[in-house]
Amino acid sequence: MIIVAGCGRSGTSAVARMLHDSGICVGRELIPPDEGNAEGYYEERAVVQLNDEIVQTAGLGAFFTNPSRADILTCARPLAERMRELAAEATPAWKDPRFCWTLEAWLEAFDAPPRVVVCLRNPSEVIASAMRYYGMADDEGWRAIAHVWRSENERLLEVIDAHSLTATCVEYDDVLSKPERVAACLSAFLRQEVQPAGVRADLRHHRGELPDEFVELYGRVRRVGS
């Protein structure tokens, strides 16, 4: 099983499309493109529905929330049978940014530990992209999305480390500027051929400097698997 995760607006869809177009199916009923993601989300609808149920029950719809790992596991427990049924019929890969929160809850549903592809983007660009996506323009929105970026990356690192999961990091800049190199690295990591297909650098709307407050965490995520 391959899991593509990472904070939203970090290139998870581009990486999932790269896998899907290379023959590594990421879902049977994919959520279709819309004005927020013109090329498509490459997310299995049933997986997103379960993950969304977990995070909403955990209170993640509100600003500045950070449920514990125990909270997430508790919220997922009533869904365990549905999760096992879905995992039993899973395609080779799934993608959903919500896996930053829910990955640990899925581990018991899988026959073997998944390989995790962590997508990473400069948080200043994630914040700008998310604020545009959600129509936000105030300081509270900036702080809220910054909180999400930090919390999701910290949680994903924590779960990968706690369960000794095999993982690698893919940087957003490399996906757009060096797709052949990214495809080669993913091929080696997944032991399956990945082609640099479908990358649309023209859809990038935001560039920014890496804020000092995020340098340490960005570096830790970048070093995943190294």
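Which one of these is basic (Lys, Arg), open to solvent by 20 Å² or more (accessible area, probe 1.4 Å) and either more than 22 Å from Pro32 (Cα to Cα) or in contact with a strand residue (DSSP E or B) (Cβ under 8 Å, 6 or more places away or on another chain) (or both): Arg115, Arg98? It would help to see each step written out before you state the result.
Numbers: Arg98 fails: either more than 22 Å from Pro32 (Cα to Cα) or in contact with a strand residue (DSSP E or B) (Cβ under 8 Å, 6 or more places away or on another chain) (or both).
Result: Arg115 is the single residue among Arg115, Arg98 that is basic (Lys, Arg), open to solvent by 20 Å² or more (accessible area, probe 1.4 Å) and either more than 22 Å from Pro32 (Cα to Cα) or in contact with a strand residue (DSSP E or B) (Cβ under 8 Å, 6 or more places away or on another chain) (or both).
All but one of (1) at negative phi; (2) of a type outside the set (Phe, Trp, Tyr); (3) crowded, with 20+ Cβ neighbours inside 10 Å; (4) modelled with pLDDT of 95 or more hold for Gln56; which doesn't?
Checking Gln56 against (1) at negative phi; (2) of a type outside the set (Phe, Trp, Tyr); (3) crowded, with 20+ Cβ neighbours inside 10 Å; (4) modelled with pLDDT of 95 or more, the one that fails is (3).
For Val215, which of the numbered conditions (1) closer than 28 Å to Arg69 by Cα; (2) open to solvent by 30 Å² or more (accessible area, probe 1.4 Å); (3) at pLDDT below 95; (4) part of a helix (DSSP H, G or I) fails to hold?
Here Val215 meets the rest and fails (3).
Working carefully through the options Ala197, Ala167, Ala184, Ala188, find the one that is on the phi < 0 side of the Ramachandran plot, in a loop (DSSP other than H, G, I, E, B) and either in contact with a helix residue (DSSP H, G or I) (Cβ under 7 Å, 6 or more places away or on another chain) or not polar (S, T, N, Q) (or both).
Working: Ala167 fails: in a loop (DSSP other than H, G, I, E, B); Ala184 fails: in a loop (DSSP other than H, G, I, E, B); Ala188 fails: in a loop (DSSP other than H, G, I, E, B).
Exactly one residue qualifies, and that residue is Ala197.
Report, by residue number, each residue of region 174-203 that is within 21 Å of Glu125 (Cα to Cα), open to solvent by 70 Å² or more (accessible area, probe 1.4 Å) and without any contact (Cβ under 8 Å) to a residue 24 or more places away in the chain.
Hits for region 174-203 are Lys178, Asp202.
Would you mind finding the one in Glu209, Glu158 that is out of contact with any Cys (no Cβ under 8 Å at 6 or more places or on another chain), under 25 Å from Met1 (Cβ atoms), loosely packed, with under 15 Cβ neighbours inside 10 Å and not aliphatic (A, V, I, L, M)?
On the way: Glu209 fails: under 25 Å from Met1 (Cβ atoms).
Criteria check complete, one pass: Glu158.
Please state which of the following conditions Glu89 fails to meet, knowing it meets all the rest: (1) without any contact (Cβ under 8 Å) to a residue 60 or more places away in the chain; (2) buried (at least 21 other Cβ atoms within 10 Å of the Cβ); (3) not hydroxyl-bearing (Ser, Thr, Tyr).
(2) is the only condition that Glu89 fails.
The values are calculated or read from the model by the stated rules, or taken from the named source; none is laboratory data. Source: prediction; values computed, not measured. Every residue, glycine among them, receives a Cβ derived from its backbone with ideal geometry; neighbour counts consider all protein chains shown. Only protein heavy atoms, including side chains, enter the accessible area calculation; ligands, DNA and RNA are left aside. Shrake-Rupley method; radii C 1.70, N 1.55, O 1.52, S 1.80 Å.
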